[in-house]
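Undergrad: Here's a structure for you.
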Amino acid sequence: MHGRGRGHAARARAITRRLEADGHALELFSGGDALELLGDLDVREVPIVGQGLRGLGAFPVRFAADRAAFRAFRPDLVISDSDAPSTLLGRALGLPVIALGHGLLFGHAVLPAGLPRAPVLREKAKGAVAAGLAWRKVIVNFTELPLATSDSVLARPDLRDGLSRSDRDEGFLLCYFRDANAHEVLRLLTQTERHVVCYTERPVPPGVERRPRSALEFADALNRCHAVVASAGNQLISESAMVGKPMFAVHARGDDEQAMNCALLKAAGLGDASPVDAVTLPQIERFLRMPRGPGDASRERLRAMTPVSEAIAQLVRAAPRCVPRMGRGLLGR
């Protein structure tokens, strides 16, 4: 699984639990944030191949390392969460590959009208590299979208341990930011009448209660908060909606995927959103006064969607033993 942000690790934990319950033997590979968050599982560390020229240069090294690992483990199927090398290696070996990720909606779902063309094309290209050759694609999202391709399915994130639909409201604002770009947002939040709690290892403005990152403590706080102000990650938007908490989501300019998440969140009535450098105090205050009713139907539809762990389990049961190889294969199988 890819290593940036919490969503990949949260998905990996849910999928691992489900597949092991079904009797499958698993070998896990990851790096970055996901590796840190999966520290209690047996995960093999690998470098994450990023985008651009640096990623292109790292690709052959990573591909060769994966080939050696696959030779030892001899997998029957590959599940790749936003990781291009494992997808391409699996296909080269004639293995069925299940690719998953929230970015796959750009190339495999019918998108809302009016989206900027250039960002959509960029995200489609990224998804084609990471998942285009996979046997099946699992789009992980928090809203229902019509599918555009016959080899894709739509699923919602699993609700993590410690989270449940909750009417508890202790009045505080819960914050989490993937990147170090939200200091001004936190400062604005301190000017509201709400207590502000941020889970981060970074410095925070005066008036913000900083808590160290902890998955269990964060889940407990999410059950009890008034609202969420955070990066526009697919996982956290989904969790906030499923437990009934409105969210104010922010994204960096140029982050096409999170900008799309913001647009979908607003369209579903689940909260409000803004580029992180354009947030204003009046906008935050309007968000805090928003009625929650308009998003209730979207929340119920989200809860009714198939969890990603179940979608993956169904595809694993239906997977063929092999698929046509790219070239001669690399393990001599």
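The values are calculated or read from the model by the stated rules, or taken from the named source; none is laboratory data. Note that this is a predicted model, so its numbers are computed, not measured. Quick reminder, even Gly has a Cβ in these numbers, built from the backbone with ideal geometry, and neighbours come from all protein chains shown. SASA here: full protein model, heavy atoms, side chains in, ligands and nucleic acids out. Shrake-Rupley method; radii C 1.70, N 1.55, O 1.52, S 1.80 Å.
Undergrad: With Asp33, Asp40 as the choices, which residue is without any contact (Cβ under 8 Å) to a residue 12 or more places away in the chain and within 21 Å of the chain's Cα centre (by Cα)?
TA: Every option except Asp40 fails the conditions.
Undergrad: Quick test for you: out of Gly101, Gly90, Gly94, pick the one residue that is touching a helix residue (DSSP H, G or I) at 6+ places or on another chain (Cβ under 9 Å), on the phi > 0 side of the Ramachandran plot and either free of Cβ contacts under 8 Å to residues at least 60 places away in the same chain or open to solvent by less than 10 Å² (accessible area, probe 1.4 Å) (or both).
TA: Result of the check over Gly101, Gly90, Gly94: Gly101.
Undergrad: Additional query: Please enumerate the residues belonging to segment 144-166 that are under 22 Å from Ile15 (Cα atoms) and of a type in the set (A, V, I, L, M).
TA: Val153, Leu154, Ala155, Leu159, Leu163
Undergrad: Which of the residues that make up segment 131-159 are of a type in the set (Gly, Ala, Ser) and in contact with a strand residue (DSSP E or B) (Cβ under 8 Å, 6 or more places away or on another chain)?
TA: Once the filter is applied, which keeps residues that are of a type in the set (Gly, Ala, Ser) and in contact with a strand residue (DSSP E or B) (Cβ under 8 Å, 6 or more places away or on another chain), segment 131-159 yields Ala131, Ala134, Ala148, Ser152, Ala155.
The rows are residues; the columns are (1) in a helix (DSSP H, G or I); (2) within 20 Å of Ala311 (Cα to Cα).
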| residue | (1), (2) |
| --- | --- |
| Met1 | no, yes |
| Arg18 | yes, yes |
| Gly23 | no, yes |
| Ala69 | yes, no |
| Asp76 | no, yes |
| Arg91 | yes, no |
| Leu105 | yes, yes |
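Undergrad: With Leu77, Leu93 as the choices, which residue is at pLDDT 90 or above and within 23 Å of Gly7 (Cα to Cα)?
TA: Leu77
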